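Chemist: After the structure tokens below, expect a handful of questions from me.
The values are calculated or read from the model by the stated rules, or taken from the named source; none is laboratory data. These figures come from a predicted structure and were not determined experimentally. A quick note on method: Cβ atoms are made from the backbone with ideal geometry, for glycine too, and the neighbour counts reach across all protein chains shown. To get the accessible areas, we keep the full protein, side chains included, count just its heavy atoms, and leave off ligands, DNA and RNA. Shrake-Rupley method; radii C 1.70, N 1.55, O 1.52, S 1.80 Å.
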Amino acid sequence: QVQLLQSGGGLVQAGGSLRLSCAASGRTFRTNAMGWFRQAPGKEREFVAAVTWSDGNTIYADSVKGRFTISKVGVMSMVYLQMEYLKPEDTAIYYCAAQVDGSGEYDHWGQGTQVTVSA
């Protein structure tokens, strides 16, 4: 199975920065894309950002454009989320996810990490 291990997160003041990391490991697989999602209490899980492995194309939710940057280390199946100018509304549990072996679906998920932004 593919396992995703996340690190980072924590408590930061509004306007501050945090960096999240996620690494995939397991049996033989080919990473097609990795992304970040977040879920606040009482709200639906929402897409944040993603990057494709073949060409490095990135996609961002409108709510984080210009503030968050997703990047990858391809041979390591590792992805980062650099978060700048954080807002209280960014407070959520952040999840890493991966698409592998041409499935086209986010079938593998990290354990989640809490990001809390104080006003």
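Chemist: About its Cα centre, what dipole magnitude does the chain give when the only charges are +1 on Lys and Arg Cβ and -1 on Asp and Glu Cβ, stated in debye to the nearest 20?
Modeler: 220
Chemist: Something else now. Could you give me the ³J(HN,Hα) list for the range 97-107, computed from phi with Karplus coefficients 6.51, -1.76, 1.60 and θ = phi - 60°, whole Hz, x at Gly and Pro?
Modeler: After applying 6.51 cos²θ - 1.76 cosθ + 1.60, I find 9, 9, 9, 9, 6, x, 5, x, 10, 7, 8 Hz.
Chemist: Check Leu86: other-chain or 5+ apart residues with amide H under 5 Å from its amide H, H built from backbone geometry?
Modeler: Gly15, Gly16
Chemist: Given a 10 angstrom Cα cut-off, can you work out which residue in Gly74, Gly26, Gly35 is the most mobile in a GNM of the chain?
Modeler: Gly26
Chemist: Ala33's amide H: which non-local residues (gap 5+, or another chain) put their own amide H closer than 5 Å, with H modeled 1.01 Å from N in plane and none for Pro or chain starts?
Modeler: So Ala33 has HN proximity to Trp53, Gln99.
Chemist: Let me ask something else. Straight-line reach from Lys43: which aspartates and glutamates have a Cα under 20 Å away, not including same-chain ones fewer than 8 places off?
Modeler: Answer for Lys43, where 20 Å is the Cα cut-off: Asp62, Glu89, Asp90, listed by chain and number.
Chemist: Taking the mean number of other Cβ atoms within 10 Å as a proxy for protection, how do you rank 112-118, 99-105 from highest to lowest?
Modeler: Final packing ranking: 112-118, 99-105.
Chemist: Using θ = phi - 60° and the Karplus curve 6.51 cos²θ - 1.76 cosθ + 1.60, what whole-Hz ³J(HN,Hα) does each residue of the range 82-96 get, with Gly and Pro shown as x?
Modeler: 8, 10, 10, 6, 5, 10, x, 5, 7, 4, 4, 8, 9, 10, 8
Chemist: So with the 1.4 Å probe, I'd like the accessible area per residue for the chain, rounded to whole Å².
Modeler: Averaged over the residues of the chain, the accessible area is 55 Å².
Chemist: Looking at the range 37-78, which trypsin sites (Lys or Arg not before Pro) are in a loop (DSSP not H, G, I, E or B) and have at most 11 other Cβ atoms within 10 Å? Don't jump to the answer; show the numbers that get you there.
Modeler: Values: sites: Arg38, Lys43, Arg45, Lys65, Arg67, Lys72; in loops: Lys43, Arg45, Lys65, Arg67.
For trypsin sites (Lys or Arg not before Pro) across the range 37-78 that sit outside H, G, I, E and B with at most 11 neighbouring Cβ atoms in 10 Å, the list reads Lys43, Lys65.
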